[in-house]
Amino acid sequence: MSPSASRRRRLPVGERVAEDVADAMFALSTPSRVLILGLLLSGPHSVTELADGLEMEQSAVSHQLRVLRQHALVAVVRDGKRRVYTLHDEHVVELLEGALRHVEHRRTGRIAAVRRRASR
């Protein structure tokens, strides 16, 4: 076992935990929700700011935010009349950053494999 793997704390994966993880992953299964979370990595944003940044309709952003809130991935606070959204907590930051690293690692590996095949 690698040193980094041995440092990781192993959590039990029972049926209920597996269902909860699958439910959380469902919330990440739509590119628009991942884009919203990506913007929220940089800090809090209102629905208007998110809609403008993503060039989406506010109603579509609001719908996706509702799903993200239901899955405890984003939190909302009132700032006067505005509702400002943030990532729910540091665990969501870690989850998103881990997913982004995983995708980058896969892409890098695929690019290297294509280059190896092309150089044959």
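Phi-derived couplings, Karplus 6.51 cos²θ - 1.76 cosθ + 1.60 at θ = phi - 60°, listed residue by residue for the range 61-67: 5, 4, 4, 5, 5, 4, 5 Hz, with x used for Gly and Pro. The stretch between S59 and R83 holds 7.2 nm of extra length on full extension. This uses 0.36 nm per residue minus the Cα-Cα distance.
Taking other residues whose beta carbon is less than 13 angstrom from the beta carbon of R101, and scoring Lys, Arg as +1 and Asp, Glu as -1, yields -1.
For the chain, the longest principal axis of the alpha carbon atoms and the long axis of helix 31-40 meet at an angle near 70°. With a ≥ b ≥ c the root eigenvalues of the C-alpha gyration tensor of the chain, is it rounded (a/c under 1.5), prolate (a/b larger than b/c) or oblate? It is oblate, given that a/c is not under 1.5 and a/b is not larger than b/c. With respect to the chain, whose longest principal axis is taken over its alpha-carbon atoms, helix 15-27 is tilted by about 70°. Pairs of Cα atoms nearer than 8 Å and 6+ residues apart set the relative contact order; for the range 14-88 it is 32 percent. Distance between the pseudo-spin-label points of A18 and D52 (7 Å out from Cα toward the beta carbon): 4.7 nm.
The calculated 222 nm mean residue ellipticity attributable to helices in the chain amounts to -20500 deg cm²/dmol, summing -39500 (n - 2.57) over DSSP H runs of n ≥ 4 and dividing by all residues.
Counted residue by residue at 0.36 nm each, then reduced by the alpha carbon distance between them, the extension gain from L35 to E90 reaches 18.0 nm.
Around I36, with a cut-off of 15 angstrom between Cβ atoms, what is the net charge of the other residues, counting Lys and Arg +1 and Asp and Glu -1?
0
Taking amide H positions as modeled 1.01 Å from N, with prolines and chain starts lacking one, the residues under 5 Å from R83 and 5 or more places away or on another chain are V47.
Only the coordinates and a few stated rules stand behind these numbers; no lab work does. Owing to the predicted nature of the structure, the values given are computational and were not obtained by experimental measurement. Backbone-built Cβ (ideal geometry, glycine too); neighbour counts: all protein chains shown.
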